[in-house]
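**Student:** Quick one: the structure is below, and I'll ask about it shortly.
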Amino acid sequence: MSVIDYFKRFGITTGAAAAAAAKAATIALIRGVTPSSVTIPTPVGLRLEVFIDRVFTIDNYVCADVRKIAGDNPDSLNNAVIRACVCSINEQVIKIRGGHGVGKVVRPGLSIPMGEPAISPTAKLMIESAVREVVNAGVEVIIEVPNGEELAKATMNEDVGIVGGISILGTTGIEWPVSNEAFIQHIKAQLTALRGKYDGVVIASGNRAVSYAKAIYEMPVVKVGDLIGISVKEAIGLGFHRIVIALLPGKAVKLAAGLMNTHSSIGDARIEAITWAAVMAEINGELLRSIAASKTVGEALHYLGDAAGRVMRVIAERALSRLRRLGSASLEVVIFSEDGEVLARANSHD
């Protein structure tokens, strides 16, 4: 495979598409130039060049369309139009709001407050950062998805409490290829290289888990996405003496339910598992019913409040018991909150 073919397997998130559209529309508004592509900053320090589908005017707004690219990923939003419309305002701020086709949050527990448009904090920061490369203030940006309500029917948005459209998301701006076979080989190569220098390793599920784990462990950290079980088994086979599995609540609950691959296409028993854990932690009454009726783990944790740590401790212990079946090693499961707080730990010496 050539380098060019390899990079064709990558895509851009809805957040990156929105940021690129916002920058292109702002350039057209402020400079009177119609760009065919723009470069935008990302949270990981890379800059992306994104092609602009079209630029046009509606009333006093200048709008730009960008196609969301999935790359080598099974994504129902592939080729969806993400639109940004920009106008001048007499305020020293950059306003960002959701328009037609962007969903609204209607349940608690997500990173976006209830009643707000489903634009994640990281995506909003990407949009603002891209616009600030053109102008520091004095513009309003409306993010739209022309076919968003229809596209949302093929997503899990309604299941997690987002209605009326899709979400504008992305922690890195980049859609990484998720072909299991290729990614497994990548993970194995990383672990093999590290074993020559280290006795311990942290296996982390995603970007935030990686970041949080690096802050508290003096061991190398390998990001494995949903492939937790096969990664732990490989690390055990290579002879690592200590293996830490770093997770956020959603994936930890799936692991506790016995899903060694936590991708949504494999299975989902999140609410059932956290309800069981709540029973084991002696949660009962109306609170237990609220947990059982939750749409997401985040919503369940919202209801649990101060009892969240107690319930997640049960989840951590259950996840550890599942992982122990993969082989003999010193294992530790650590579950972080969305903000990086350690919610629970369990290890094979407990």
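The values are calculated or read from the model by the stated rules, or taken from the named source; none is laboratory data. Not measured: the values here are computed from a predicted model. Here the Cβ is made from the backbone with ideal geometry for all residues, glycine too, and neighbour counts use every protein chain on show. Accessible surface is based on the protein model in full, side chains and every heavy atom, while ligands, DNA and RNA are left aside. Shrake-Rupley method; radii C 1.70, N 1.55, O 1.52, S 1.80 Å.
**Student:** Inspect the stretch 256-278 for any residue being open to solvent by less than 30 Å² (accessible area, probe 1.4 Å), in contact with a Pro (Cβ under 9 Å, 6 or more places away or on another chain), among the polar types (S, T, N, Q) and in contact (Cβ under 8 Å) with a residue 24 or more places away in the chain and give the result as yes or no.
**Tutor:** There is no residue in the stretch 256-278 that is open to solvent by less than 30 Å² (accessible area, probe 1.4 Å), in contact with a Pro (Cβ under 9 Å, 6 or more places away or on another chain), among the polar types (S, T, N, Q) and in contact (Cβ under 8 Å) with a residue 24 or more places away in the chain.
One line per residue, one yes/no per condition, for (1) in contact with a helix residue (DSSP H, G or I) (Cβ under 6 Å, 6 or more places away or on another chain); (2) open to solvent by 20 Å² or more (accessible area, probe 1.4 Å); (3) under 30 Å from residue 53 (Cα atoms):
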site	(1), (2), (3)
146	no, yes, yes
156	no, yes, yes
160	no, yes, no
189	no, yes, no
192	no, yes, no
196	no, yes, no
223	yes, yes, no
241	no, yes, no
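**Student:** I'm told residue 224 meets every condition in (1) of a type in the set (Val, Ile, Thr); (2) in contact with an Asp or Glu (Cβ under 8 Å, 6 or more places away or on another chain); (3) under 16 Å from residue 332 (Cβ atoms) except one. Can you identify the failing condition by its number?
**Tutor:** It is condition (2) that residue 224 fails.
**Student:** Taking the stated definitions as given, is residue 110 touching a helix residue (DSSP H, G or I) at 6+ places or on another chain (Cβ under 9 Å) and open to solvent by 30 Å² or more (accessible area, probe 1.4 Å)?
**Tutor:** yes
**Student:** A further question follows. With respect to residue 201, is the statement that it is open to solvent by less than 10 Å² (accessible area, probe 1.4 Å) and part of a strand (DSSP E or B) true?
**Tutor:** Yes, satisfied.
**Student:** Another question, then. Out of the stretch 113-139, which residues are in a loop (DSSP other than H, G, I, E, B) and either surrounded by fewer than 22 Cβ atoms within 10 Å (Cβ to Cβ) or charged (D, E, K, R) (or both)?
**Tutor:** Passing the criteria: 113, 114, 115, 116, 120, 133, 134, 135, 136, 137, 138.
**Student:** Between residues in the stretch 28-46 that are in a strand (DSSP E or B) and residues that are polar (S, T, N, Q), which pairs lie under 6 Å by C-beta distance while being six or more apart or on different chains?
**Tutor:** 41/129
**Student:** Here's a follow-up. Kindly provide the set of residues from the stretch 110-123 that are in contact (Cβ under 8 Å) with a residue 60 or more places away in the chain and over 14 Å from residue 158 (Cα atoms), ordered by number.
**Tutor:** 111, 119, 120, 122, 123
**Student:** State which residue is farthest from the chain's Cα centre (by Cα) when the search covers only the stretch 204-221 and only residues that are open to solvent by 30 Å² or more (accessible area, probe 1.4 Å) and either more than 17 Å from residue 194 (Cβ to Cβ) or polar (S, T, N, Q) (or both).
**Tutor:** Residue satisfying both the conditions and the ranking: 216.
**Student:** Inside the stretch 315-326, can you point out the residues that are free of Cβ contacts under 8 Å to residues at least 12 places away in the same chain and either in a helix (DSSP H, G or I) or in contact with a strand residue (DSSP E or B) (Cβ under 9 Å, 6 or more places away or on another chain) (or both)?
**Tutor:** 321
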